[in-house]
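A short write-up of the structure that comes next.
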């Protein structure tokens with residue numbers, strides 16, 4: 001039969017008491033008194049319980065009660081203790097421990113880089129267990145973070161930070177960012193801007209957008225005005241037609257032929273006036289078309305004249321060059337013919353020594 005924990009605990013206590021009565025011998029009985037009270041020397045020195053000369057067995061209840069007193073239930077404060085010298089640490093975690101300044105973060109490298117310690121190339125997208133630090137500086141109320149990683153080859157520390165101004169990352173130390181073709185130098189033209197300059201630039205861009213939007217609104221308003229004007233003209237024309245139809249109906253009902261003739265005359269006059277106006281409009285359109293056609297023909301003639309004159313000038317230049325080459329060819333041909341007949345004397349060279357005809361005569365004799 002299995003005993004409960006409480007029954008087992010009580011049974012062990014009874015066994016410990018019975019063992020205690022059998023262990024103590026007559027030789028040590030005068031030194032250790034039986035009963036619940038402990039000797040004075042045991043009370044003065046708890047370490048004597050564990051000494052080799054102790055007669056109390058380790059499994060006795062008396063030994064357990066003495067060992068319970070050795071638990072640290074209170075702290076010792078010296079007389080010169082100063083509680084104001086203790087530094088108060090901020091404890092924001094649920095378990096009461098201070099929050100770490102650098103938090104662990106699992107990330108992938110946002111760009112390829114080269115370690116400056118060992119020259120190892122770290123590709124983009126390699127995973128690291130990084131440490132993330134939140135910096136005090138901000139850009140337009142956007143927090144800036146710094147990440148610490150270590151090289152996979154030499155364990156050198158590499159740091160890079162976020163760049164919310166350009167929507168990118170910036171390598172600080174421990175590595176050098178590799179060249180990337182898609183990155184244009186013009187994208188970094190705003191890196192040297194201060195926060196005030198950036199705000200001014202953004203305000204100008206926003207003002208330009210607002211102005212463009214206002215301009216678009218004005219154009220939309222003008223279109224609406226034109227549509228409303230067109231609708232008003234159509235409504236006036238419809239009213240005029242309704243009025244005329246009503247007049248005709250009244251005239252027909254009245255049966256007045258004179259009125260009908262008058263109405264018909266007015267209609268004819270209106271038709272003639274409109275036909276005349278339309279004819280004038282068509283004439284003006286034809287005149288404008290003729291003027292444009294004449295201007296286009298004149299421009300074409302001028303262009304053709306310029307092209308013809310330029311062609312003639314080019315032909316004259318080509319003929320002149322051709323004539324010059326022909327004259328030079330004839331001159332060279334004549335010179336060769338004269339040389340062949342011996343009619344030309346060779347030109348003396350500067351290195352040749354001059355010969356005296358008077359001196360050569362006696363030698364020949």
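Identification of strands (runs of 3 or more DSSP E) wholly contained in the range 100-140 with 3 or more residues that are exposed (fewer than 14 other Cβ atoms within 10 Å of the Cβ) and in contact with a strand residue (DSSP E or B) (Cβ under 9 Å, 6 or more places away or on another chain) yields 103-108, 127-139. Number of residues in the range 165-181 that are touching a helix residue (DSSP H, G or I) at 6+ places or on another chain (Cβ under 9 Å) and either surrounded by 17 or more Cβ atoms within 10 Å (Cβ to Cβ) or not in a strand (DSSP E or B) (or both): the value is 2.
Yes or no, residue by residue, for (1) farther than 30 Å from residue 166 by Cβ; (2) at pLDDT below 90:
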site: 204; (1), (2): no, yes
site: 207; (1), (2): no, yes
site: 218; (1), (2): yes, yes
site: 222; (1), (2): yes, yes
site: 243; (1), (2): yes, no
site: 249; (1), (2): yes, yes
site: 261; (1), (2): yes, yes
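Filter the range 190-202 down to residues that are under 30 Å from residue 116 (Cβ atoms) and loosely packed, with under 10 Cβ neighbours inside 10 Å and give me whichever is modelled with the lowest pLDDT. Top of the filtered list is 192. Among the residues of the range 141-156, those that are without any contact (Cβ under 8 Å) to a residue 40 or more places away in the chain, over 23 Å from the mean Cα position of the chain (by Cα) and either in a loop (DSSP other than H, G, I, E, B) or surrounded by fewer than 14 Cβ atoms within 10 Å (Cβ to Cβ) (or both) comprise 151, 152, 153, 154, 155.
Only one residue in 344, 251, 262 is in contact with a helix residue (DSSP H, G or I) (Cβ under 7 Å, 6 or more places away or on another chain), within 30 Å of residue 237 (Cβ to Cβ) and surrounded by 10 or more Cβ atoms within 10 Å (Cβ to Cβ). Which one? Let's see the steps before the verdict.
Values: 344 fails: within 30 Å of residue 237 (Cβ to Cβ); 262 fails: in contact with a helix residue (DSSP H, G or I) (Cβ under 7 Å, 6 or more places away or on another chain).
Result of the check over 344, 251, 262: 251.
The values are calculated or read from the model by the stated rules, or taken from the named source; none is laboratory data. Small disclaimer: the values here were computed from a predicted structure and weren't measured. Here the Cβ is made from the backbone with ideal geometry for all residues, glycine too, and neighbour counts use every protein chain on show.
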